[in-house]
Amino acid sequence: MRVNELLIHITDDFMVLNKPAGMLTIPDRHDQELPSLQTLLKKAYGNIFTVHRLDKDTSGLILFARNEAAHRYFSQLFESREVRKFYLGLVTGQLEPPQGSVDEPIMEHPVQKGKMVTNRRGKASLTDYEMQEAFGLYSLVKLEIHTGRTHQIRVHMKHLGHPIAVDDLYGDPAPILLSTIKKKYRLGKFTEEERPLMARLALHAWQLQFKDQQGVAHQLEAPLPKDLQAVLSQLRKHKKLKA
């Protein structure tokens with residue numbers, strides 16, 4: 001994969017990329033085989049500084065600093081919550097009320113390593129959500145996170161009873177199939193097995209808003225990936241047919 005295909009914005013101080021799903025932000029010491037965005041960037045640009053991270057299966061916007069001064073600046077900006085981070089996610093079911101906030105502390109699961117839970121002894125965590133489209137089985141939701149806890153959106157959506165679709169930790173890991181959306185779906189004559197429309201976490205880091213070191217305001221967006229577009233296209237199509 002070529003780095004320039006992922007670039008959304010680049011300056012002497014920072015770069016913003018559209019991370020593909022399935023790619024790590026930084027190398028995993030337990031799994032050296034998986035590709036990481038940081039490794040790709042270091043090969044292409046030399047020194048690169050990680051400011052924040054996205055889960056492996058989450059696609060979308062991620063910012064890297066290009067020098068130490070920028071790294072200090074952006075790390076502080078994220079820490080002091082002066083970067084607005086918006087996501088688009090497909091959740092199971094229909095949110096009621098369609099708009100609100102989840103203000104629930106998050107901590108590590110006491111038993112399951114790598115899993116998080118809401119718990120009053122955890123760290124303060126705040127997520128705003130707003131349903132964009134409702135399809136019955138699923139809803140498209142815009143989410144803004146005001147804190148940056150591990151798996152925050154996934155944990156908070158589970159807390160609401162509407163986990164992110166295709167979530168193997170906090171919801172149903174089953175992929176989204178056309179046969180789930182289209183009731184009269186039939187396999188093609190020479191097709192033995194249905195191919196999923198989406199087989200990974202249905203979450204996309206859509207927009208970042210911030211001011212750079214020169215005080216210039218940026219509002220950057222990453223287009224929806226093809227798998228999420230395909231699911232939404234089918235959901236909209238079959239919603240119209242039902243209407």
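The values are calculated or read from the model by the stated rules, or taken from the named source; none is laboratory data. The structure displayed is predicted, hence computed values, not measured ones. All Cβ positions, glycine included, derive from the backbone under ideal geometry; neighbour counts span all protein chains shown. SASA here: full protein model, heavy atoms, side chains in, ligands and nucleic acids out. Shrake-Rupley method; radii C 1.70, N 1.55, O 1.52, S 1.80 Å.
Structure notes:
- Think of the chain as having a plus end and a minus end, set by charges on the Cβ of Lys, Arg, Asp and Glu; of 9, 132, 74, 132 sits farthest toward the positive end of this dipole.
- Which labelled figure in (1) 58, 45, 38; (2) 55, 44, 41; (3) 51, 42, 35 is Cα extents along the principal axes in Å, once derived from the coordinates: (1)
- Of the cross-linked pairs 19/239; 85/239; 123/158; 56/183; 142/184; 142/182, those separated by over 28 Å at the C-alpha level are 19/239; 85/239; 56/183; 142/184.
- For segment 77-131 and segment 1-52, distance of Cα centres in Å: 25 Å
- Helices in the chain, meaning DSSP H runs of at least 4 residues, each add -39500 (n - 2.57). Divided by all residues, the mean residue ellipticity at 222 nm is -6000 deg cm²/dmol.
- Annotation for segment 107-149: trypsin sites (Lys or Arg not before Pro) lying in DSSP loop with at most 10 further Cβ atoms inside 10 Å of their Cβ are 113, 120, 121.
- Using a probe radius of 1.4 angstrom, the carbon and sulfur fraction of the accessible surface of the chain is 48%.
- Cleavage-rule hits (trypsin sites (Lys or Arg not before Pro)) in segment 1-53: DSSP loop, at most 10 neighbouring Cβ within 10 angstrom: 2, 29
- Neighbour cut-off at most 16 other Cβ (10 Å), DSSP loop, GluC sites (Glu not before Pro), segment 138-220: 192, 193, 194
- Each Lys and Arg contributes +1 and each Asp and Glu -1, all at the Cβ; summed about the Cα centre of the chain, the dipole is approximately 660 debye.
- Accessible area per residue for segment 1-140 is 55 Å², calculated with a 1.4 Å probe on protein heavy atoms, without ligands, DNA or RNA.
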